[in-house]
Amino acid sequence: MTRKQPDSTTDANAELHMARRGLLYIISSPSGAGKTTLARRLLAADRNIAMSVSVTTRPARPGERDGVDYRFVDADGFESMKERGELLEWARVFDNHYGTPRAPVEAAILAGKDVLFDIDWQGAQQLSEKMPGDVVRVFVLPPSGPVLEERLRVRAQDSPETVARRMAAASSEISHWPEYDYVIVNSDLETSVNSALAILTAERLKRARLLGLSAFVRDMRAVL
Ligand code: 5GP
């Protein structure tokens, strides 16, 4: 007999089959702060949250898969998606365009499923304006400036100018930290994963998201 692996998070009300509105879990950070690893761990630990796959005009990097990491489109394709209203938010980051397809997000929320976003501060701002009650915004900070610089240097493996440009971009992204609901300083990955999961568990319990709560309590009181 195979035993079902329990999730590291809890969605207590799902076990009661109570209707819930899904939430939009946004993670932003400068590159090099560990956001991608954190997002992967979150997805692996919990079955009720799925990644939003963005569209981008950036060329695929080695190992990236179309439709999995991103949907890779050309500039015209991106523009037509924008014009047809198929993008929930979009932004220019460095020299490329990035956007979130609308349909999968709206379907997930209504089905009580949560969606994870790895998007920048511009995307976080737009989603906050469009769906204020649904967003949960988490900003991931590196433990220190020198640690981030070292990570960018190792990762970039290129000219000091490129590293300097990335550092400037990191500094500008970091300046948006006060626009987020939670901040995780990522000095220890396991601790950060636990914090990210704790946020998910708590946010799922918010009264406003529990669409089935009124009926649940009404039925309970009917027999009292
Ligand atoms: P990369 O090219 O390294 O994958 O991503 C560059 C930046 O674009 C990252 O900060 C990432 O969070 C952001 N990004 C990726 N997809 C989207 C998106 O759909 N919308 C917005 N606003 N930012 C995105």
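Can you tell which of A215, A169, A208, A196 is surrounded by 13 or more Cβ atoms within 10 Å (Cβ to Cβ), more than 17 Å from the chain's Cα centre (by Cα) and part of a helix (DSSP H, G or I)? Only one candidate qualifies: A169.
Among the residues of region 144-159, is there at least one that is of a type in the set (S, T, N, Q), assigned to a helix (DSSP H, G or I) and either closer than 23 Å to H97 by Cα or modelled with pLDDT under 95 (or both)?
Looking through region 144-159, none of the residues is of a type in the set (S, T, N, Q), assigned to a helix (DSSP H, G or I) and either closer than 23 Å to H97 by Cα or modelled with pLDDT under 95 (or both).
In summary, L87 fulfils each of the numbered conditions (1) more than 19 Å from the chain's Cα centre (by Cα); (2) modelled with pLDDT of 95 or more with the single exception of condition (1). Each residue in region 96-112 was checked for being at pLDDT below 95 and of a type in the set (K, R), and 0 of them qualify. Scanning region 23-38 for residues that are open to solvent by 10 Å² or more (accessible area, probe 1.4 Å) and within 13 Å of the ligand (Cβ to nearest atom) yields S31, G34, K35, T36.
Just so you know, in region 69-89 the residues that are in contact with a Leu (Cβ under 8 Å, 6 or more places away or on another chain) and closer than 18 Å to E129 by Cα include one that is nearest to the ligand (Cβ to nearest atom), and it is E89. Are there any pairs with C-beta distances below 6 angstrom linking a residue in region 114-141 that is part of a loop (DSSP other than H, G, I, E, B) to a residue that is open to solvent by 30 Å² or more (accessible area, probe 1.4 Å), with the two at least 6 apart or on different chains, and if so which? Final answer for the pair search is D120/V93.
Is it true that A202 is without any contact (Cβ under 8 Å) to a residue 40 or more places away in the chain, open to solvent by 60 Å² or more (accessible area, probe 1.4 Å) and either within 15 Å of the ligand (Cβ to nearest atom) or under 17 Å from the mean Cα position of the chain (by Cα) (or both)? Answer is no for this residue. Residues in region 39-54 that are under 26 Å from H97 (Cα atoms), touching a residue at least 60 places away in the same chain (Cβ under 8 Å) and part of a loop (DSSP other than H, G, I, E, B): S52, S54. Consider region 59-68 and keep the residues that are at pLDDT below 95 and open to solvent by less than 70 Å² (accessible area, probe 1.4 Å). The one that is nearest to the ligand (Cβ to nearest atom) is E64. Scan region 110-154 for residues that are more than 22 Å from the chain's Cα centre (by Cα) and open to solvent by 80 Å² or more (accessible area, probe 1.4 Å) and the total you get is 4.
Filtering region 90-107 to residues that are under 16 Å from the mean Cα position of the chain (by Cα) and farther than 12 Å from M131 by Cβ leaves W90, A91, Y98, G99, P101, P104.
The values are calculated or read from the model by the stated rules, or taken from the named source; none is laboratory data. Worth saying up front: this structure is predicted, and the values here are computed from it rather than measured. Note that we place each Cβ from the backbone using ideal geometry, even for glycine, and neighbour counts take in every protein chain shown. The protein model used for the area step is the full one, side chains on, heavy atoms only, and it has no ligands, DNA or RNA in it. Shrake-Rupley method; radii C 1.70, N 1.55, O 1.52, S 1.80 Å.
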